[in-house]
1. Report the accessible area of A:Ile101, computed with a 1.4 Å probe over the heavy atoms of all protein chains in place, in Å² rounded to the nearest 10.
2. Obtain the nm distance between the two label points defined at D:Asp112 and B:Thr407 by a simple spin-label model: each point lies 7 Å from its Cα along the Cα-to-C-beta direction.
3. So, R0 is 30 Å and r is the distance between the beta-carbons of C:Leu15 and C:Leu188; what FRET efficiency does that work out to, to 0.05?
4. At 1.4 Å probe size, with every protein chain present, just tell me what the per residue accessible area of region C:88-336 comes to in Å².
5. Under 16 Å between alpha carbons, and skipping anything fewer than 8 positions from D:Lys127 in its own chain: which lysines qualify?
6. Please work out whether region D:138-200 counts as rounded, prolate or oblate from its C-alpha gyration tensor, where a ≥ b ≥ c are the square roots of the eigenvalues and a/c under 1.5 means rounded, while otherwise a/b larger than b/c means prolate and anything else oblate?
7. Multiply the residue gap between D:Lys70 and D:Glu48 by 0.36 nm, knock off their C-alpha separation, and tell me the result in nm, one decimal place.
8. Say the dipole of chain B comes from +1 at the beta carbon of Lys and Arg and -1 at that of Asp and Glu; which of B:Ala91, B:Phe201, B:His366 then lies farthest toward its positive end?
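The values are calculated or read from the model by the stated rules, or taken from the named source; none is laboratory data. Just so it is clear, the model here is predicted, and its values are computed rather than measured. All Cβ positions, even for glycine, are placed from backbone atoms using ideal geometry, and neighbour counts span all protein chains on display. Note: accessible area is taken over every heavy atom of the protein model, side chains too, but ligands, DNA and RNA are not part of it. Shrake-Rupley method; radii C 1.70, N 1.55, O 1.52, S 1.80 Å.
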Amino acid sequence: MSSPSELGIMFRLIRRNPVSMLGLIIVVTFVIVGLIAPYILTRPEEAWGIAYNVKDRFLPPSPQHPFGTDEYGRDMFNRVLLGTRFSLMIAVGVVGLALLIGIPVGLIAGYVGGKVGTALMRVTDMFLAFPPLLLAIALAATLGRGLTNTIVALAISWWPWYARLIFVQVNSIKSLPYVDAARVMGLGSLTIMFKHILPNALTPITVQAALDMGSAILEAAGLSFLGVGVPPPTPEWGLLVSMGWQSINRAWWISFFPGLAIVITVLGFNLLADAVREAMDPRLRKALIMKGV
Amino acid sequence: MGVFEVFIPLHRKGISKAVAAVIAIVIIIGVIAAAAYYMAQRPTSTSTTALSPTISASPTTSSTSSTTSASPTISSTSTTKPSGKTVVVYASLSEMTTADPSTEFSNSILWMCLVYEPLLWYDPIHDKIIPALATSYEVSKNGTVWTFHLRHDAKFHDGTPVTAQAVKFSIERTIKLGQGAAFIWDPVKEIKTPDKYTVVFILKYPAPLDKIAASSYGAWIFSPKVVELAGAKNATDKKVADWFNAGHDDGSGPYRLVKWDPQNEVVLEKFKDWWGWKLADYPMKSDSAPDVFIIKIVKDAVTQERMVQSGDIDIAEYVPLEDVQTLKKNPNLQVVTSPSFQNLLMLINTRKPPLDNVLVRRAIAHAIPYEDIVTVARSGFAKVASGPIPHGMWGHFDNLTYTYNLTLAKELLAKAGYPNGLPRPLLLTYTAGDIYEQRTAELIKASLAKIGITVKIRPMSWQEQWSLAQSGWNNSKAAQDLFIFYWWPTYITPFDFLYNMFDNESKSFDLCYYANPKFNKLIEEAHYYEGIDKAKALHLYYEAQKILYEDVPAVPLWDMVDIRVARANIGNLQAAINPAYPTVIFAQVLHVKAGG
Amino acid sequence: MSKEYIVKRIALLILVVFGVLIITFVITRLIPAHPELLWAGPHATMEQIEKARRELHLNDPIYVQLYYYLLNFVRGDWGVSWRTRSPVLHDVLSALPATLELVIVAFIIAIVIGIPLGVYAALRRDRLADHIIRVLTVLGASVPVFWLALIVQLVFGSWLHILPAAKRVDEILVLRTGFHPITGFYLLDALIEGNIPVFLDVLRHMILPATVLSLYPMSLCARMTRALMVEVLNEQYIRAAKAWGLPGKLVTFKYALKNAIAPVIASLGLSFGYTIIGAFMVELIFVWPGIGFYAAMSLLSFDYPAIVGVIVIVAIFYSVINMVVDIIHAIIDPRVRL
Amino acid sequence: MAMLEVKNLRKHFPIRSGILGRVVGWVKAVDGVDISIEENTVVALVGESGSGKTTTARCILKLHEPTSGKILFMGEDITKLKGKRLKKYRRNVQAVFQNPFLSLNPRMKVEDIVAEPLKTHTNMSKKEIIETVKDLLTKVGLPKDVLRRYPYDLSGGQAQRVAIARAIALKPKLVVLDEPTSALDVSVQAQILNLLADLKEEMKLSYLLITHDLSVVRYISDYVYVMYLGKIVEAAPTEELFTNPQHPYTQALLSAVPEPDPRLRKLKKRIILPGEPPSAINVPPGCRLHPRCPYVEERCKRGEPELIDVGGGHLVRCWRVSS
């Protein structure tokens, strides 16, 4: 179930389907742009919000300003471009932090089991009783606005999913003979958890987590739109849409393009997720392998 | 299985039923779409729709949910039908709050100014007192005895006459309850009623009681009969407040409250026996004032804009400022601007290094692009501030603006010992959700960056922000560096601004932690002379503001200019707006013309 | 259908609601530095702040605070919103019908369009139509609902003037026809009163927000239907049925859809959570006077008692829906019982 | 004194139900078992699945905490062992499991797998460890090039050799073999058994062989215990058991073994016990076998017989023998 060639098979499957390939291309582009965005800006100061240009307010899209300008006369293209980085940071931050909380909880609940495990999973269930985003909204409203706070708020509403996944995985792995063998060998519980169980439980979760980044971007944008996310002048996409709302009748482009950026990015992640989910379906994969994919 | 038989009737009866169901759904959607399209084609109603007679006059409206007016029907879109009543709909951004004239200190000002009257009105633009319930007044030489003469023909909505006893009753109830704006009566030692139409106030210390009596809050006069109507023991019985909050009024103003649904709408109807209608030359009335004035709660600017364009409302409190230029071109609409006494300042933490250095503060004051801020934050609908007293108000002076001069700012900073900018970033807080504060903050961040000052801006809820600022009294290091802050006066005096924000006795709002005994003494004296010797008071206020200009405990940024967008047929709108009573439209002075 | 399962599920619900209350308590009472300030509202007097302090029992140990917190929730005393100045429970309950009406209509749209779309995609599996539907449904789950709401409002409301861009009903029309809401579900109320113009007007107002809101559940519904239809169509008895010579379409509908329906319902139940949060933003944009609008306004003004009230009611509602869906699912498909 | 002595071992698993997880019953997987293993001998524990043989082995390996009873290893009760002394016990008792692929961590290379016990229990340097690992692999007959390979790159036989190498790395006294060959191809089975037999001689090992495959038992073991529903029903030296089975259950088991000599095949009578083994939740009263026993009598239903020594280390639990 977790051989290293798994990713290879997945990639071969994705390459077969043009739609999935599109997803992959979008995601890769997003990551690259997110990493290099600060270095390719043509108007970095406007993008970072430390320069403005009053006489160029509300310019519609043109070759000079492909996405137009906002109420400060800042170039929206540069703002959206830089926003890629913040979305990437949020995506990685949220998913990473959620894994950081979820994995130990799921691991301990699954491996130790008993009363501790039950208690941990009950707590997890309580977090899961909130609709997605609601808990994050509550937390963000309490913690105050900020990039870190947004990431923390989202991660706290997010980790239970991973705890659940890990719990299920660990439960099935811990009764496998190689874990018994490790115990017979006299290894400590921690060694067994981190050397023998975790690496084998991790693949499906990390794949899932990487694909969840799309949702993280979407939810962070939602928080920003509701005014409890990232504060201005950060060019986070959701915030840009929200800021443009005020002048939408006069300048539709301020809200339109950042929103489009969200749509494309999240679409990329979701298309990829779709393909991977198909690839992870054992029946389908078996059939495809037999066909000699 | 039971549940799904209802839900998907397909599996038992087979294909014909299934197809039928799908077809039925398609038809339903089609009908809905067609109906929707038909409705879209129907012309929308125009403004000042006339109500046929049935907005009932009974003032016994109860609670928020029920409406007294038994299904009012609108006869046609024309205003001039003999039986029709003229209606003006004013959209308010915020929900109404309470209905108790003694304690209300918030949004209900919007209608209270029409339903209740104070002793006097104040016109701050012309610095003029306008008679209301009092026709004239005198003040003793030392400023501590104020005598008001009431008009003889004023009546409360319950039919009883407005008398000196009623005035005493109202103000004493307000003072005793001690909530809301009751503090304005602080100088009053005693209220005497020598005869039916004379009220005498004995003060503990001199104070401009004429302006206090014209305060936008806490100065309403209402009938003593409310105690009886509410079935209460006395004026301060909670039953009286409950009676008011159930949607009753007993004022003497030109309108009466007929529907009280604070979250959706408030309906006011003309009070025919108002004394003002009969006075030929009274400035605050019109012969074609609307019969019905509806305050409708429309909580966002974009919707208000759409509704005023379509004529669903007649006056918008608030539209997106970016759109005003476009709206001006619409022949069906008019745009009215008026000064507002609300201004925006940036308070500086004067105790936290390096801001304790006056040179640094001056450098900051000269590095702020005031004009750009006004253009971006308010689309030009504001004035660059000159001192903490807003434009148009008595006590304002035009030569207190800091120039925007980055060279000078850099020089000042170098002189203060920071030729390469400040060593640490400054924390600037503003109220989250306020778009004007937000834009202002962003521009300040951008421009201070040019002289080497890094600003971290943090939007916070007002409460958190205020408690953070409060903590500065004990530990100025823990507090914010810069604090974007609105002020507006409770009653119109420069003292209100200067004392609250800059006198260290005022712990609540002197959030610059500024303490200057000389300044404190100046404004105290000025306030003393305000009722006695205006010229002297003015001079003292000027001296005080000059001290602030030099010390820069705060940077005044801009004074708000209010925008009202209305249908073109609403006449005399300009006169219906008075910055001393923010957000209020004095409906009694509107000229309502037909059509629109 | 065992009684034990339902009892167990309800017991779990109670536990979860209890947990929800504790988590909200921690978030809104223990994390903020001065909860009494947040509770009292901006520009509150010292007296009001002191009152808030007393009401929150902030001078007592934490377990006492928690006790009163839980007690007050059970008693229906959810505090007073300082923005609207009325009891939060009253605000929340009076806003609920507007949201429910919107969400129900959104779900009807989602089902009516989503299921046929999924069935069609399954029948045309791996052909062009299937691919297009796949991309569309993935797109449906990728579009930020607030952005889409803004765009359709701009296009259909402001530019084309085809549909009303905001609010629930034309209030002048309400005044003119004497419409009085009874249940708070305007469509229902208008029908009860026989007020056809208002009924149509409410419907017209509903089209944009409900369509925007239906996008996510619709996508989920279509995808789920497709996946399950494909699976079921492959199963033996469908082949057997075909071999017996029954008309193909009848087989498709009668057997396949019936078997696919239970998981589709379960997935719709799951998407309820997303939809209700989507309603926060959609209602804010369309000025829809429901619980989402109330929540969004409370958030924008940091009205804590109201925020807590909304969070608790939405979480409870969500848990109840999940429970009902689980039970229905268990009735249809006994294998899923846990 | 035997090297390992299991005395009256019981392992009962609780059955929980309801929201609160009340215990509503017990699965008596092992219900009073005595086993003893001498040094350098092979003891087999046979029985159908569900008979409790694996649970017994897991108790000995300390993968389960016994409900009651004692397990003496070199005279020391190991059921309550902790810390250093447990570690010492672990060193002496190792295991080889049924499915070699599942008993090797798929994310570790062969060298790491075999080195793991050495790293845990010795202070050897890296170099020494590598040398030892190489020696071990040679000993179990694997080529050097498997060192860097992952388990999924190996054949079943190779993988099981790796597992054996890991088990003997610390030179244990006892190796528990839990169905060591049942997952392998028949041709490979013999190789592995030969390897195990060689290692036993070479390293003076003892084996506890858990299996249901009686041909394996006959090939390698010195003494056999037969388990049925959590209890030992018969125990004897291997040849004695195979030639002279006394208990009806043992007889039935043996009758199911394919006879290698075709001439004898026809002579052999297949004894088939009717019905399924009852679950360990509802153990029948009296003799556990009585509902299925072809020789059932009235007394069998009333009382449970004792384990009786019929001479020569042959123990039988049957009324027919004890009277």
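1. 60 Å²
2. Here the answer is 6.9 nm between the modelled labels.
3. Details: r = 34 Å, r/R0 = 1.15.
In this case the efficiency is close to 0.30.
4. Numbers: 8980 Å² over 249 residues.
Roughly 36 Å² per residue, with all protein chains present.
5. D:Lys119, D:Lys144
6. Working: a/c = 1.66, a/b = 1.13, b/c = 1.47.
It is oblate, given that a/c is not under 1.5 and a/b is not larger than b/c.
7. Details: separation 22, 0.36 × 22 = 7.92 nm, distance 2.42 nm.
In short, 5.5 nm is gained.
8. The residue sitting most towards the positive pole is B:Ala91.
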